Amino acid sequence: MQILRPRDLDGALDALAAHPDASLLAGGTDLMVEVNLEHRRPETVIALRRVGELAEWRDGFIGATVTYARMERERLPALAELARTVGSPQIRAAGTLGGNLGTASPAGDALPFLAALDAQVVLASAEGRRRLPWDEFLLGPGHTALRPGELVLGVELPDTVPARQAFAKIGVRQAMVIATVNCCVVRHDDGATRVAMGAVGPTVLRAREAEALVAGVAEPSPQLLDEFQRLVSKEVQPITDHRSTAEYRRHAAGVLARRTLERCLHR
Amino acid sequence: MTDLGVRRPTLLGGVGESAARPDGIAKTTGEFEFLGDMSADGMLWGATRRAYVPHARIVGLDVTPALAMRGVHAVLTFDDVPGHRYQGQHVTDQPVLAEGVIRHWGEAVAVVAADDPETARRAAAAITLELEELEPLTDLEEALERGEVYRHVRVRRGDPEARGEVVVEGTYETGMQDPAPLGNEAGLALPDGAGGVDIWGPTQWTHVDHRQLSACLGLQPEAVRVHPCRIGGAFGAREDLSLQTHIGMLALRTGRPVKMVYDRSESFAGHVKRHRSQMRYRHEADRDGNLVRVTARLLLDGGAYELTSAAVVANSSYFAVGAYDCPNVEVDGYVLRTNDPPTGAMRGFGANQPCFAAEAQMDRLAAQLGMDPLELRLRNALEQGGHLATTGQLIEHPLPTREVIRSLAAIPLPEPNDSDDPRLLPGGTGLTTPRSGVVRGVGYAVGFKNLQFSEAFDDYAEARVELTPDGAVVHTAAIEVGQGLVTILEQIVRSTLNMTHVRVAFDHTGRIGSAGSTSASRQTQMAGGAALEAARRVRDEALERAGGDELDEAGVWRDGRLLASLEELCAGAAIEHHVRYRHPATEEPDENGQGALHVDFCVAAHRAVVDVDVDLGMLRVVEIAIAQDVGKALNPQQLHGQIEGGIAQGMGQAIMEEVVLDRGVVRNPTFMDYLLPTSLDMPPVEAVLVEEPSPWGPYGAKGMAELPTVSATPAVAAAIRAATGRPLDRVPVRPQGIVGLQ
């Protein structure tokens, strides 16, 4: 196994162009688990920690190697909330946003946030850059639109990021747990509402009928929230696995989305 | 000689004090050398090839691709086992390596020794293994129908015609729990150059390992020395052999030291687990709440090999009623052969499963009678002078059942949660649950279990105490797995010899006889009993030699005059005494499961307070209170440590810990998915120690470390039932169960 340690983005892209099948290493919180479990045996690893461009966080752009620990401290409430639910402090100090995108787990905790904000994923290769909407980047469990020779540079957020945003996650213990269901709700000033649900489909998904139902309604009535909850439960596509059942996930998705919306409205 | 200027030393760290562990600082600072830290010059690394299918025939097994690899020194299979080819603590029915058939997920097929761990792993993977998969047997009812029964324990007591007016029935299930000790399996085998071998491996009983290892390695007993290990945790997982035979074989074959270390996933495949169970109960009582009859059928999943299952199902059956009087009892306990992973000992050893079911039954009965659940338990409490409901055995020694229940009830309930701190709400950092949506529930359970080995087992422990100029040394083969025996032995011998400087030397099997297993809540009473008796003899001899009447750190005294210093006492023949200590004898059961099968008993009562988000199925355990029978508290701090750890494990089984099986395949063999309680899940514990001295335990002590686990599980489940109103007859309770879904 060879480990390449580029010092800047150009170096990283050159290395990737020379080794298009290389595994990218940032925090290693997914890659090292896969290596240890012998699910993956990369011949080439490109370590990205020294690439300063990837760790940038400026208006509207979050770099791929920004860690959860950093997200926890920043001012986007839902991002801080989701970051706090990821692993242990050690994992949060290592794990990155780009890793969550690259792994593309249906349960990835940062993904509902990106979906609710209609974020764009910025990809870079030696050839150049391109942008994909989140739902054109995330294609299925572990499956993304990333091409050989390409890496995730970061995500672009829309020009206006509403302050009313909230995240919630169900897991079978108080912390350090993979999501059974996770959820991010964003409420724009004009009443437009975005509801993104994770771990209830092959990728994170948006509950668009439920979004439309509450769009522009300043104070949704309990009856309307009941209907909102019902629609979210209807729109998700959960499965049964060793972590939970489809039936529970469907039920919980509705309850969780409703509560997260209520929390959002009161922000 | 002169005594001028000699002061009477003060005894520090005797019985009853919270003496510090001698290895505490080394463990805290990371300097303690655990098993996995050991190494030897010229050492090779071992790795195991396993088959991760539940049932298959081996149709092809070719080790040549592995042997051909550079750096590989040996590849061994079933045919290479030099001696007896089966192992197991009680019943030796587990092949050392698979014998043409895979009978459970993760069964070991071959082992490799290579220059480094990576080469060893790659070589293990390079072995060609062709399997023809077979239908696994994983349904307990089907196993019973097919007669795949390791043991059937039949208990019949009282009048078969007796009936109670008030009847409650229920069926219950408990999941398979992993002991999940923090330290993964690790070991080192060192050839002695004369055909023999020294083995360090994860163990709870070196002498029982020694018996199996010398048989399997085809060596004379004196050619094998099993060393005490320094291992992080056990909980039963180390009672059966894991990697010891494998490293022994590899070391003998290569003539070089061989080390092997499991990672966490392999550890899930490599050690026994707690039996999952399915239980059917019928309780009958009169209108006043007196139990008239209990009928139970218990099915335990014994997995692919028998190992200790026969003794586990005995415990389940004999403790099927709990700490209650009941004149008429009918229990059929079965432990079944399946293609699930092998099960064996785990903290509570079969008492946990029926406790979950029987305590739920007591709550149902109380509800049916309109009676307070604690009142019902007090009314039926079994104490000294009563008879064990199942076996009819007279309870000869103190059993403070009413006292633990009353002490528990006297602990104030925690205040309602008025904080919005998410860590104190169900769902924790996931922010799922507003405070307004929470319902509080309170649940109780009484735990009851035997101490020591039962059913006429010849159960003994050896210890040798030696007086030195600097104090005393206790020699034992008993295993310290972190539970604190090392401190307890020091304290017992300090108090007996009246001297502070006491050290424990953990000896290998060639140096001292068996201390028995570090299990069954044994060692405080057994190794402790042996050390106490040996220390008494040392003290008596020292006094006699010097003609004094008091012994301490300075020497032997009479009338305030020092007659002989320790140095002077030790100048002649060594003062040391070796004791083989036995507890009072037990009997074998008759054909109805009747008899004095147990030495002694221990009881505890738990109260759990749980906040439940009933719409989402999330919960947080707010507090667990316990009143625990301890005989006499030799080290209160250690007792509290055992209580808190035991409760964490029992609570874990109640709300999250389960080996998820899918037709024999383990779906969650990592700590990513096998969830253990974290510090945010573990609630504060309020513990009361109830002291009624044991007439035979050292300084009145009882072993106690299993009970905190046994009844924590049913208490938490009862609290969730109280909050939700749902029957919840299976643990772990899952969110879907709390909201009433699949």
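The values are calculated or read from the model by the stated rules, or taken from the named source; none is laboratory data. Since the structure is predicted, the reported quantities are computational estimates derived from the model, not experimental observations. With ideal geometry, Cβ positions are generated from the backbone for all residues, glycine too; neighbour counts draw on all protein chains shown. Accessible surface is based on the protein model in full, side chains and every heavy atom, while ligands, DNA and RNA are left aside. Shrake-Rupley method; radii C 1.70, N 1.55, O 1.52, S 1.80 Å.
Here are the numbers:
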item: Residue count, segment B:80-117 (criterion: within 33 Å of the chain's Cα centre (by Cα) and either farther than 29 Å from B:S39 by Cβ or among the charged types (D, E, K, R) (or both)); result: 19
item: Residues that are aliphatic (A, V, I, L, M) and either outside any strand (DSSP E or B) or outside the structural domain of B:C355 (by TED's automatic domain parsing) (or both), drawn from segment B:296-325; result: B:A304, B:L307, B:A310, B:A311, B:V312, B:V313, B:A314, B:A320, B:V321, B:A323
item: Identity of the residue in segment B:54-90, touching a residue at least 60 places away in the same chain (Cβ under 8 Å), hydrophobic (A, V, I, L, M, F, W, C) and crowded, with 17+ Cβ neighbours inside 10 Å, that ends up farthest from B:A311 (Cα to Cα); result: B:A66
item: Restricting segment B:341-361 to residues that are among the small types (G, A, S) and over 15 Å from B:A604 (Cβ atoms), the residue that is nearest to the chain's Cα centre (by Cα); result: B:A345
item: So B:A478, is it within 22 Å of the chain's Cα centre (by Cα), surrounded by 24 or more Cβ atoms within 10 Å (Cβ to Cβ) and either at pLDDT 95 or above or within 21 Å of B:A705 (Cα to Cα) (or both); result: yes
item: Considering residues of segment B:634-648 that are in contact with a strand residue (DSSP E or B) (Cβ under 8 Å, 6 or more places away or on another chain) and open to solvent by 10 Å² or more (accessible area, probe 1.4 Å) only, the residue nearest to the other protein chains (Cβ to nearest Cβ); result: B:E644
item: Any hit, segment B:42-63, residues being on the phi > 0 side of the Ramachandran plot and within 31 Å of the chain's Cα centre (by Cα); result: no
item: Residue pairs meeting the criteria (Cβ under 7 Å; at least 6 apart or on separate chains; first on the phi > 0 side of the Ramachandran plot, in segment B:313-341; second among the acidic types (D, E)); result: B:G322/B:E359
item: Selected residue (criterion: most open to solvent (accessible area, probe 1.4 Å)) from residues of segment A:33-67 that are closer than 24 Å to A:R173 by Cβ and within 12 Å of chain B (Cβ to nearest Cβ); result: A:N36
item: Condition broken by A:H188, with the remaining ones in (1) within 14 Å of chain B (Cβ to nearest Cβ); (2) surrounded by 15 or more Cβ atoms within 10 Å (Cβ to Cβ) satisfied; result: (1)
item: Residues located in segment A:230-252, provided they are more than 9 Å from chain B (Cβ to nearest Cβ), among the β-branched types (V, I, T) and open to solvent by 60 Å² or more (accessible area, probe 1.4 Å); result: A:I239
item: Which numbered condition B:L140 fails, given (1) touching a residue at least 24 places away in the same chain (Cβ under 8 Å); (2) open to solvent by 60 Å² or more (accessible area, probe 1.4 Å); result: (2)
item: Some residue of segment B:571-582 being modelled with pLDDT of 95 or more, crowded, with 22+ Cβ neighbours inside 10 Å and part of a loop (DSSP other than H, G, I, E, B); result: no
item: Residue among B:E462, B:E466 that alone is open to solvent by less than 20 Å² (accessible area, probe 1.4 Å), in contact (Cβ under 8 Å) with a residue 24 or more places away in the chain and in contact with a strand residue (DSSP E or B) (Cβ under 9 Å, 6 or more places away or on another chain); result: B:E462
item: Search result, residues across segment B:151-178 that are open to solvent by 60 Å² or more (accessible area, probe 1.4 Å) and not in a strand (DSSP E or B); result: B:D159, B:P160, B:E161, B:R163, B:E165
item: Segment B:404-416, subset touching a strand residue (DSSP E or B) at 6+ places or on another chain (Cβ under 6 Å) and in a loop (DSSP other than H, G, I, E, B), residue farthest from A:D109 (Cα to Cα); result: B:I411
item: Residue within segment B:596-605 that is closer than 19 Å to B:L431 by Cβ, open to solvent by 10 Å² or more (accessible area, probe 1.4 Å) and not in a strand (DSSP E or B) present; result: no
item: Any hit, segment B:180-190, residues being more than 14 Å from chain A (Cβ to nearest Cβ), at pLDDT below 95 and open to solvent by 10 Å² or more (accessible area, probe 1.4 Å); result: yes
item: Out of B:T77, B:T128, B:T48, sole residue that is at pLDDT 95 or above, hydroxyl-bearing (S, T, Y) and within 29 Å of B:I479 (Cβ to Cβ); result: B:T48
item: Matching option when the condition is among the small types (G, A, S), buried (at least 21 other Cβ atoms within 10 Å of the Cβ), modelled with pLDDT of 95 or more and within 31 Å of the chain's Cα centre (by Cα), among B:A515, B:A520, B:A505; result: B:A515
item: Scope segment B:612-624; condition surrounded by 24 or more Cβ atoms within 10 Å (Cβ to Cβ), within 14 Å of chain A (Cβ to nearest Cβ) and touching a Lys or Arg at 6+ places or on another chain (Cβ under 9 Å); matching residues; result: B:V612, B:D613, B:L616, B:G617, B:R620
item: Subset of segment A:207-229 that is among the charged types (D, E, K, R) and away from every other protein chain (no Cβ under 14 Å) - its residue that is least open to solvent (accessible area, probe 1.4 Å); result: A:E211
item: In segment B:387-438, the residues that are aliphatic (A, V, I, L, M), within 14 Å of chain A (Cβ to nearest Cβ) and open to solvent by less than 30 Å² (accessible area, probe 1.4 Å); result: B:L425
item: Restricting segment B:191-214 to residues that are among the small types (G, A, S) and buried (at least 18 other Cβ atoms within 10 Å of the Cβ), the residue that is nearest to the chain's Cα centre (by Cα); result: B:G201
item: Selected residue (criterion: farthest from the other protein chains (Cβ to nearest Cβ)) from residues of segment B:263-303 that are surrounded by fewer than 22 Cβ atoms within 10 Å (Cβ to Cβ) and without any contact (Cβ under 8 Å) to a residue 60 or more places away in the chain; result: B:T295
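Table: residues versus (1) away from every other protein chain (no Cβ under 14 Å); (2) in contact (Cβ under 8 Å) with a residue 24 or more places away in the chain; (3) in contact with a helix residue (DSSP H, G or I) (Cβ under 7 Å, 6 or more places away or on another chain).
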{"position": "B:L543", "(1), (2), (3)": "yes, no, no"}
{"position": "B:P584", "(1), (2), (3)": "yes, yes, no"}
{"position": "B:E591", "(1), (2), (3)": "yes, yes, no"}
{"position": "B:H598", "(1), (2), (3)": "yes, yes, no"}
{"position": "B:H606", "(1), (2), (3)": "yes, yes, yes"}
{"position": "B:I626", "(1), (2), (3)": "yes, yes, yes"}
